[in-house]
Amino acid sequence: MDPVIEYFFGPGDGSTTRWTDPADTTVGVDAPGPDAIRLDFDGDGRRDDAMWDSDGDGIADTVALDLDDDDRFDAFYRDSGAGLWDRPVDVGEVRGGGAGAPSATPRESPEHRPQPSERPADRVLRLDLDADGTTDAELVGTEKAGRLAGERLYVDSDGDGTTDVVLVDRDGDGTADAAYDRRDPRFSRRGR
């Protein structure tokens, strides 16, 4: 059975929808088997694009596009964290038959690569869930495969403008393992 790959799309506001499908095509030169999912990403009516798991961790980190419908991937992008897949990737020369295959693992284009001073250990996504202009929740985590992997979710559960509960994902599986209220000393630790 081919590996299952998880991928995300979103409208650009930080919310995303998760999808999973079995890998059905190979993009990477050294891939031992299918490492991507065919789909119509560019809306041209052809399933000639792919969500590619270039590092084999089960999560798509690159979209490969066939922009001129010649059955070869022409452009590669990574997600900026909003589900838009809008960060160009420099993969060097694209070669091979059929759909084509990158000659190297993608790396971010220099003009889009964050500088060391711009790479905080943790990223914070502030959410105004009721559109009243105040933050109702803060998702704290690190960027992985171009998206925010949440480790702690701070929530204003009583609507007073101050977060008072934190949900913690200790093992990185996407499910909260513990919850602490603001009286607990573990509440204030944000992993910095």
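The values are calculated or read from the model by the stated rules, or taken from the named source; none is laboratory data. From a predicted model like this one, the values you see are computed outputs, not experimental measurements. No Cβ is skipped: glycine too gets one built from the backbone with ideal geometry, and neighbour counts run over all protein chains shown. Ligands, DNA and RNA are excluded from the accessible area calculation, which covers all protein heavy atoms including side chains. Shrake-Rupley method; radii C 1.70, N 1.55, O 1.52, S 1.80 Å.
Please list, ordered by first then second residue, the pairs with beta carbon atoms under 7 Å, 6 or more apart or interchain, first in region 9-30 and charged (D, E, K, R), second buried (at least 17 other Cβ atoms within 10 Å of the Cβ) and assigned to a loop (DSSP other than H, G, I, E, B).
Asp13/Ala82; Asp24/Pro34
Which residues, taken from region 142-163, are touching a Lys or Arg at 6+ places or on another chain (Cβ under 6 Å) and closer than 15 Å to Leu127 by Cα?
Answer for region 142-163, where residues must be touching a Lys or Arg at 6+ places or on another chain (Cβ under 6 Å) and closer than 15 Å to Leu127 by Cα: just Leu148.
Exactly one condition in (1) out of contact with any Ser or Thr (no Cβ under 9 Å at 6 or more places or on another chain); (2) open to solvent by 40 Å² or more (accessible area, probe 1.4 Å); (3) part of a loop (DSSP other than H, G, I, E, B) is false for Val29; which is it?
Among (1) out of contact with any Ser or Thr (no Cβ under 9 Å at 6 or more places or on another chain); (2) open to solvent by 40 Å² or more (accessible area, probe 1.4 Å); (3) part of a loop (DSSP other than H, G, I, E, B), Val29 violates only (1).
Name the single residue that is nearest to the chain's Cα centre (by Cα) among those in region 11-26 being closer than 19 Å to Asp86 by Cβ and open to solvent by less than 50 Å² (accessible area, probe 1.4 Å).
For region 11-26, the residue satisfying everything is Gly14.
Any idea how many residues of region 55-77 are open to solvent by 10 Å² or more (accessible area, probe 1.4 Å) and under 20 Å from Pro22 (Cα atoms)?
So in region 55-77, the residues open to solvent by 10 Å² or more (accessible area, probe 1.4 Å) come out as 55-59, 65, 67-72, 74-75, 77.
Cutting the leftovers down to under 20 Å from Pro22 (Cα atoms) gives us 55-59, 65.
Going through region 55-77 one residue at a time, the tally reaches 6.
Hey, Phe8 hits all of (1) in a loop (DSSP other than H, G, I, E, B); (2) open to solvent by less than 60 Å² (accessible area, probe 1.4 Å); (3) touching a strand residue (DSSP E or B) at 6+ places or on another chain (Cβ under 6 Å) but one; which does it fall short on?
(1)
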